[in-house]
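Worksheet for the structure shown next.
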Amino acid sequence: MAGAFDSFTGLSSCRVFSGDGTREFCSGSEEEEEEEDEGNVSDEEFVVGIEESNDINGLPDRWDVLGLGQAMVDFSGMVDDEFLKKLGLEKGTRKLVNHEERGRVLRAMDGHSYKAAAGGSLSNSLVALARLGIRPMKGPTFNVAMTGSVGSDPLGSFYRTKLRRANVHYLSPPVKDGTTGTVIVLTTPDAQRTMLAYQGTSSIVNYGPALASVISKTNVLVVEGEIVGNYADIVFTNHEEAGALCHFDSKESSISAVRYLSHFVPLVSVTDGHRGSYLGVKGEAVYIPPYPCVPLDTCGAGDAYASGILYGIMHGVTDLKQMGTFAAKIAARVVGQQGTRLSVQDAMELADSFSCFQSDIGSSHA
């Protein structure tokens, strides 16, 4: 399988479809970066400390990774089953809500502890990748950026600033009079999450000359929620998404889906929760067992997994088992904490262990 993957890793520019991402920070300290805003957050609190900059002189000539997708602010908190029952929410479901419904849920969260973060699946993957690159094994740190749509409201300013402090440049200007999208993630003690999404401006991306120019100067383009036809080199999906792409019955196995999709895409990644994941190349599938952990919050696990795959590719890894196992290890760190983001400390520890981790995996399969 390693040989089948060699030709892919040699590409100078790849296009990636994501189905469902030095030690210095450019603004704020490392401690500030670790702490997300918590509690009852008002518009005024979002504005505090925000420093917008239009200076492009410090931007790199070329991006290692550029994400194109939904930019949404996450509100995540721990609740009990009674909280969901009072709001008439079915545990474990995902649904779109309107502005009024969003307000009703956020008001109900008054008095509960919750966090606000620059979220979305793509954002989570990009931040994890940037943090893994804080201590590079070789060469320069990763140049990571994102583009999408946020409003000109305080939440949009909060989103852009939070990404910048995580070493991810947000390149799109705010949409005038637009409303930034949000996702409310309610996690119960059994680690089940209920998600309520308000899309706002996040589902609209204006593709113009400026965006086209940035994409042309990018090594890896990660596109969220779109099918890019014959131009995709990697597809990241979970079990349900893979089945939908294949038009398979819901009872069909993940391994069948990954084998089918890998006939059309050079590399396919399918995650299947606590059952593990699969990586597929040319009709063959490699099973990756889940990395041991005590689950606390499964939200963001797939995003972290995707960052591990991209990290391996960018470091020239060709062995799928090694790459997938490292990705599963990253996902386990996120599952074992509350919140969707890989922390700076965890990222540095994982990056430091990458060489030894590769050696251990290689020895065990010798």
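Suppose all protein chains stay in the model; what accessible area per residue would a 1.4 Å probe give for the range 121-232, in Å²?
On a per-residue basis, 39 Å².
Counting only residues at least eight positions apart within a chain, or on another chain, the lysines with an alpha carbon under 19 Å from that of Lys95 are Lys85, Lys86.
Structural descriptor for the range 237-366: relative contact order 19 percent, calculated from alpha carbon pairs under 8 angstrom and at least 6 residues apart.
Among the listed pairs Lys91/Lys115; Lys251/Lys321; Lys282/Lys321; Lys115/Lys162; Lys162/Lys321, those with a Cα-Cα distance over 23 Å are Lys251/Lys321; Lys162/Lys321.
The values are calculated or read from the model by the stated rules, or taken from the named source; none is laboratory data. The structure presented is a predicted model; accordingly, all values stated were derived computationally and were not measured. Just the protein is used for accessible areas: all its heavy atoms, side chains included, with ligands, DNA and RNA removed. Shrake-Rupley method; radii C 1.70, N 1.55, O 1.52, S 1.80 Å.
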